[in-house]
Amino acid sequence: MSRAKLLADLKAASADYATAQRQLAAERFNVQHGIAHNLMFAESREHVAYHRWLGAHEAFATSAPKPAPKPAPKASAVAPRDPGAEAVSDYWRP
């Protein structure tokens with residue numbers, strides 16, 4: 001799926017999740033005030049909307065372009081000095 005479609009799916013999931021949260025808040029209000037309610041349905045819908053939003057967010061986040069790899073440092077033509085090896089060779093040199 002293209003990144004644009006994933007973004008559109010994420011936006012739709014975000015809108016659905018926000019709607020489900022508002023409906024859940026309304027049902028909780030109804031419960032607190034003794035009005036007829038359907039709290040279990042609202043909680044279930046909010047739960048499903050949250051997981052849809054979570055999945056859409058994860059899919060969009062993992063589709064991000066990866067940064068270009070850094071070039072490897074160039075190897076120098078001169079061999080690195082080894083002071084320990086030079087000291088040993090100087091000691092045994094006549």
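The values are calculated or read from the model by the stated rules, or taken from the named source; none is laboratory data. Since this is a predicted model, take the numbers as computed values, not measurements. Side chains included, ligands, DNA and RNA excluded: accessible areas come from the protein's heavy atoms. Shrake-Rupley method; radii C 1.70, N 1.55, O 1.52, S 1.80 Å.
One table, with the values for the structure above:
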quantity: Residue-normalised accessible area of the chain, given per residue in Å² at a 1.4 Å probe; calculated: 83 Å²
quantity: Distance cut-off 22 Å, percentage of C-alpha pairs in the chain lying past it; calculated: 61 percent
quantity: Length gained when the stretch residue 2-residue 35 is fully extended (0.36 nm per residue, less Cα-Cα span); calculated: 7.3 nm
quantity: Contour minus Cα-Cα distance for residue 61 and residue 19 (0.36 nm per residue); calculated: 12.8 nm
quantity: Reachable lysines from residue 5, criterion Cα separation under 22 angstrom, eight or more residues apart if same chain; calculated: 66
quantity: Percent accessible area from carbon and sulfur atoms, the chain, protein chains only, probe 1.4 Å; calculated: 63 percent
